[in-house]
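Novice: I have a structure here, written as structure tokens, and I will follow up with some questions on it.
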Amino acid sequence: MTTPSPLQGRSVASVCRDVLAGITLASVNIPQVLGYTRIAAMPAVTGLYTALLPPVAFACLGSSRHLVVAADSATAAILSSALAPLAAPGSPEYVAMVSVVAILCAAFLAIGRLFRLGFLADFMSRTVLAGFLAGVGIQVSITMLPEMLGIMTDDHNPVLILFDIAKRFSDIHGLTAGISAGMVLLLVAGRRFLPRLPVPMLAVIGSVIASRTLYLGTQGVATIGPVAGGLPDFHIPLIGWNRTLALLPVAASCVFVIIAQSIATSRSFAGMFHEKIDANADILGLSAANLAAAVSGAFTVNGSPTQTAMAVRSGARSQLAQVTFAVVALGVLLFLTGPLEYLPRCVLAAIVFLVAIDMIDVRTVRAIRTESPGEFRLALVTAAAVVGIGVQQGIFLAIALSLFRHVRHSYEPHTMLLHEDPGMHAIEAGPVVPGQETAPGLVAYRFSADLFYANSARFSDDIMTLVDHAPDPVRCIVIDASAMTDIDYSAAAVVRDLLHGLEERGLSVYFGRVSSYLLADMKRHRITTVVPPGNIYPTLHRALDAARAEIARGGNQDSRPAPPSKS
């Protein structure tokens, strides 16, 4: 798919709309990207760097017309939780490591594009993604509380932070806490009653003016301090081979979140406007964006659901809005960084706190609970893991739980005994219950999954249970293979053993609804050497007719072994 130009086929009105949307987006998101530096434990100016080159790089190579690529709380949380034990947050060594992670992410994403790995986003289900984002939201909101209350803490785990706040409750700085509470109320009210106004930007400007005129810094209110202005220092960071290897798991965690979150976001908004996206092109665009972030001294960037939603609400319909966002960020870097040193940290913390709360999609979680209690528990476990043991570990646990749940469904598939309905001349499916049969001398059985090493024993056990407990001696077994498309090596060995055992007892086995894929596997695994080719049919009714005909020819002979004689 060729990436369209943001100006291709656009009217003047639509271009102006996107430019205005980009300005509005910048007014809302610049305070947020400054706040995300608090999550990533990076210098404040690096937040502006993430809004400078990365959006332009993605606009040039990505396919999504709406996805906003910049600093993101999820990847920022991964960086701080994984790198804080390795180097002092904010130190030159820490900053270099963060940039190396961005380079590694760019490399991994480029490899992903080369091997067309856009499908990897499908391995994180919406359920797990909702739980993961909720966990990140809880973690980030808790980590913002010390700055909102004016408390210093060295803890990084949210649970330990809450305990620390409880122990040091008397140390809360009243003025800082009051500013934070007022800021939260102002932002919530602005979102509710003045949704079209850039309330966060106005709040930042107002807090900068108040801090400078009222000398809040001298009254115990912490400010972000001097912010470097001008263009970033373009360079490629070098930290040594061993340390770079140690960062590979961190980059891998970020990459999986980037792919899953970015593609899920771009898909949802493309569907909203009935557009198509190329997931692999978006991966290439994300790779270029992270490379641009790395060489400009920023940190890993990601497709942001919240920022994308803001852009769409502002009227953005192409990547021109994101390019405008970058131009505004450039203007701030060149001319407006001086006043930012008076910005209270608690104001940024309050902005990030609300963004984090927004990541907890209560409506989706409630819908999951109503429709699928099992998946709801999976989402809760994922969220608890992110909060309790960390974002990076939570990602891998989320992936493992998703795959485990899928394997469990395959391990315990629906199995059915098929019953004949003479009045309707049809076959009905019911549960597998010992002591029942399809017809006198006939058992028709459906196994609703592919056969693999973990579930093959159940396949064999079900059939033997039905045969051993049938009310009439069983002569023929018909297996409805409509749900089977694959048999692995281990399962094939179990099936061959089962068929040999049934053959020794004088039973005939027929397969119905056998697809070409399953038939190829049956031939490859030598199952067709045990089951005559004439007993394998592409339709179920032909297999049943053949089995009935054999029963009619052979009569009802007891296939079960005779009980031992009493001595």
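The values are calculated or read from the model by the stated rules, or taken from the named source; none is laboratory data. Computed from a prediction, not measured in an experiment: that's the story for all the values here. Here Cβ is always computed from backbone atoms with ideal geometry, including for glycine, and neighbour counts include all displayed protein chains.
Novice: Name the pairs whose Cβ atoms lie under 8 Å apart, with the first residue in the stretch 479-503 and closer than 10 Å to PHE452 by Cα and in the same structural domain as ARG526 (by TED's automatic domain parsing), the second surrounded by fewer than 22 Cβ atoms within 10 Å (Cβ to Cβ) and basic (Lys, Arg), and 6 or more positions between them or separate chains?
Specialist: From the stretch 479-503, the pairs are ALA492/ARG526.
Novice: Continuing with the same structure: Which number in (1) modelled with pLDDT of 90 or more; (2) part of a helix (DSSP H, G or I); (3) under 14 Å from ALA294 (Cβ atoms) marks the one condition that THR75 misses?
Specialist: (1)
Novice: Could you please find all residues in the stretch 146-173 being part of a helix (DSSP H, G or I) and in contact with a Ser or Thr (Cβ under 7 Å, 6 or more places away or on another chain)?
Specialist: Correct list: PRO146, MET148, LEU149, PRO158, ILE161, ASP164.
Novice: A follow-up question, please. Report, by residue number, each residue of the stretch 305-340 that is charged (D, E, K, R) and within 21 Å of MET359 (Cβ to Cβ). Spell out how you get there, then give the answer.
Specialist: At the first step, the residues of the stretch 305-340 found to be charged (D, E, K, R) are 313, 317.
The answer is ARG313, and nothing else.
Matching residues to (1) without any contact (Cβ under 8 Å) to a residue 12 or more places away in the chain; (2) under 35 Å from the mean Cα position of the chain (by Cα); (3) surrounded by fewer than 14 Cβ atoms within 10 Å (Cβ to Cβ):
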residue	(1), (2), (3)
PRO158	no, yes, no
THR176	no, no, no
ILE179	no, no, no
ARG192	yes, yes, yes
GLY230	no, no, yes
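Novice: Here's something else I'd like to know. If you check ALA88 against the conditions, is it modelled with pLDDT of 90 or more and in the same structural domain as ASP278 (by TED's automatic domain parsing)?
Specialist: No; evaluated as a whole, the condition is false for this residue.
Novice: Restricted to the stretch 194-226, and to residues that are surrounded by 13 or more Cβ atoms within 10 Å (Cβ to Cβ) and not in a helix (DSSP H, G or I), which residue is nearest to the chain's Cα centre (by Cα)?
Specialist: So the residue we want is PRO198.
Novice: Within the stretch 42-72, which residues are within 27 Å of VAL387 (Cα to Cα), part of a helix (DSSP H, G or I) and under 25 Å from the mean Cα position of the chain (by Cα)?
Specialist: GLY47, THR50
Novice: So which helices (runs of 4 or more DSSP H) are wholly in the stretch 369-472 and hold at least 2 residues that are over 30 Å from ASP497 (Cα atoms)? Step through it out loud before you land on a result.
Specialist: On the way: elements: 373-389, 391-411, 456-468.
Filter on the stretch 369-472 gives 373-389, 391-411.
Novice: I'd like to check something: does the stretch 345-352 contain any residue that is surrounded by fewer than 18 Cβ atoms within 10 Å (Cβ to Cβ), at pLDDT 85 or above and either within 23 Å of ILE224 (Cβ to Cβ) or of a type in the set (Ser, Thr, Tyr) (or both)?
Specialist: no
Conditions (1) at pLDDT below 85; (2) closer than 22 Å to SER490 by Cβ; (3) surrounded by fewer than 20 Cβ atoms within 10 Å (Cβ to Cβ); (4) in the same structural domain as ALA491 (by TED's automatic domain parsing), marked per residue:
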{"site": "GLU371", "(1), (2), (3), (4)": "no, no, yes, no"}
{"site": "PHE376", "(1), (2), (3), (4)": "no, no, yes, no"}
{"site": "ALA383", "(1), (2), (3), (4)": "no, no, no, no"}
{"site": "GLN392", "(1), (2), (3), (4)": "yes, no, no, no"}
{"site": "LEU418", "(1), (2), (3), (4)": "no, no, no, yes"}
{"site": "GLY423", "(1), (2), (3), (4)": "yes, no, yes, yes"}
{"site": "TYR453", "(1), (2), (3), (4)": "no, yes, yes, yes"}
{"site": "SER460", "(1), (2), (3), (4)": "no, yes, yes, yes"}
{"site": "VAL467", "(1), (2), (3), (4)": "no, no, no, yes"}
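Novice: On the basis of being in a helix (DSSP H, G or I), within 27 Å of the chain's Cα centre (by Cα), hydrophobic (A, V, I, L, M, F, W, C) and at pLDDT 85 or above, does ILE142 make the cut?
Specialist: The answer is yes for ILE142.
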